[in-house]
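The values are calculated or read from the model by the stated rules, or taken from the named source; none is laboratory data. Bear in mind that the values here come from a model prediction, so they are computed numbers and not experimental data. Counting neighbours? That spans all protein chains shown, and the Cβs are built from the backbone with ideal geometry, glycine included.
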Amino acid sequence: MTLSWHDKLEIRELVARYDHAIDSGDPEGWAATFTEDGSWNGGVVVSGQAELLAFARGLPANPAFAAFRPSFHFFANVLVEETTPGEARLLCDNLMLQPRAGAGVAALTAAGYDDIVRRVDGRWLFASRRWRPVKPS
Amino acid sequence: MSTAGRLTLDDRVALETLVYAYNVAADERDAEGYAALFTADGVWDGMLGRFEEQEGLRALCAKIAATPALDGTRHWPNNIVIEGDSVAGTATLGLDNVLVKALPEGPVLFSASRSEATAVKVAGRWLFRERLVTAAAAVPSPASG
């Protein structure tokens, strides 16, 4: 069975919901884009709804992420390939942008994501997200 | 499959196309085309003020064209989320836009904003009823300390 266009659009919107939730300071909304056992790997690994929510709630005070406040995600090049029924691999690229008062918008990081998404009760959610920064050669 | 309470694929694509048409009309300073993407009682509310109905929306486009800082800018949308009901003919949209500005030394990312909108289907066409735009939060620039 191949993914329908509805599935592909919903998965693309899952990325948008993830971006908007984290960028607007909505930890509950961000955690809700993951499965119950979902994991996020952005240098540190956070697994399960309880850890994901605690991590997101702690971001405003987390010094490791101070440089990214405020910022927003800007994604592109979404590719989705079904791996097993109800599960797919999702690849996309992401720029982390930060508006500077009177000085335009700076790009803080460029990265790719290598994710697994899973359909749970009719909704697509992240089973895992792995952030892979683009590094100079 | 029932479409009650959800958008058909055709409507979903049409609404995303409405987003792109809005950006093109604004970037081309096409006041007539821009206003035509809104309902007769359409509203735009944001950094440039509040503009209502077709005449007001044309005035908004004219104001954009008359703002030197916005000269040579184009919208680059992202994070588009669209929900709605094809049977009811109603939808909500959320998205980010980055304005890219063409300068002699090359394009720069000029500004960023968040848009929340409602749309309705009128005579088979999706149109914006209301569009609320807020500037993205910014950090002080190094020059401004």
| query | Can you spot a residue in segment B:89-101 that is at pLDDT 95 or above, over 25 Å from B:A136 (Cα atoms) and either part of a strand (DSSP E or B) or not aromatic (F, W, Y) (or both)? | reply | yes
Is it true that some residue in segment B:76-84 is of a type in the set (V, I, T), in contact with a strand residue (DSSP E or B) (Cβ under 8 Å, 6 or more places away or on another chain) and touching a residue at least 60 places away in the same chain (Cβ under 8 Å)?
-> yes
Screening A:R123, A:R119, A:R69, A:R57 for residues that are within 14 Å of chain B (Cβ to nearest Cβ) and over 27 Å from B:S111 (Cα atoms) leaves only A:R123
Pairing a residue in segment B:132-145 that is assigned to a strand (DSSP E or B) with any residue that is loosely packed, with under 12 Cβ neighbours inside 10 Å and at pLDDT 90 or above, where Cβ atoms lie under 8 Å and the two sit 6 or more apart in sequence or on different chains, gives B:V133/B:M47; B:T134/B:M47; B:A135/B:M47
Restricting attention to segment B:82-117, the residues that are within 11 Å of the chain's Cα centre (by Cα) and more than 12 Å from every other protein chain (Cβ to nearest Cβ) number exactly 1
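Identify, please: which residue in segment A:72-116 is of a type in the set (S, T, N, Q) and out of contact with any helix residue (DSSP H, G or I) (no Cβ under 9 Å at 6 or more places or on another chain) and is, among those, nearest to the other protein chains (Cβ to nearest Cβ)?
Our first condition is that a residue be of a type in the set (S, T, N, Q); within segment A:72-116, this holds for A:77, A:83-84, A:94, A:98, A:109.
Then drop every residue that is not out of contact with any helix residue (DSSP H, G or I) (no Cβ under 9 Å at 6 or more places or on another chain), which leaves A:77, A:83-84.
Values: A:N77: 12, A:T83: 23, A:T84: 23 Å.
The extreme case among them is A:N77.
Take the residues in segment A:1-50 that are of a type in the set (D, E, K, R) and surrounded by fewer than 14 Cβ atoms within 10 Å (Cβ to Cβ), then tell me which one is farthest from the other protein chains (Cβ to nearest Cβ). So that I can check it myself, show each step before the final result.
First, pick out the residues of segment A:1-50 that are of a type in the set (D, E, K, R): A:7-8, A:10, A:12-13, A:17, A:19, A:23, A:26, A:28, A:36-37.
Pick out the ones that are also surrounded by fewer than 14 Cβ atoms within 10 Å (Cβ to Cβ) and you get A:28, A:36-37.
Values: A:E28: 16, A:E36: 22, A:D37: 25 Å.
Here the answer is A:D37.
Of all residues in segment B:16-37 being of a type in the set (S, T, Y) and within 14 Å of B:N97 (Cβ to Cβ), which is surrounded by the most Cβ atoms within 10 Å (Cβ to Cβ)? Show your work before the answer.
To start, the set of residues in segment B:16-37 that are of a type in the set (S, T, Y) comprises B:17, B:20, B:22, B:34.
When the remaining residues are screened for being within 14 Å of B:N97 (Cβ to Cβ), the result is B:20, B:22.
On the way: B:Y20: 12, B:Y22: 23.
Here the residue is B:Y22.
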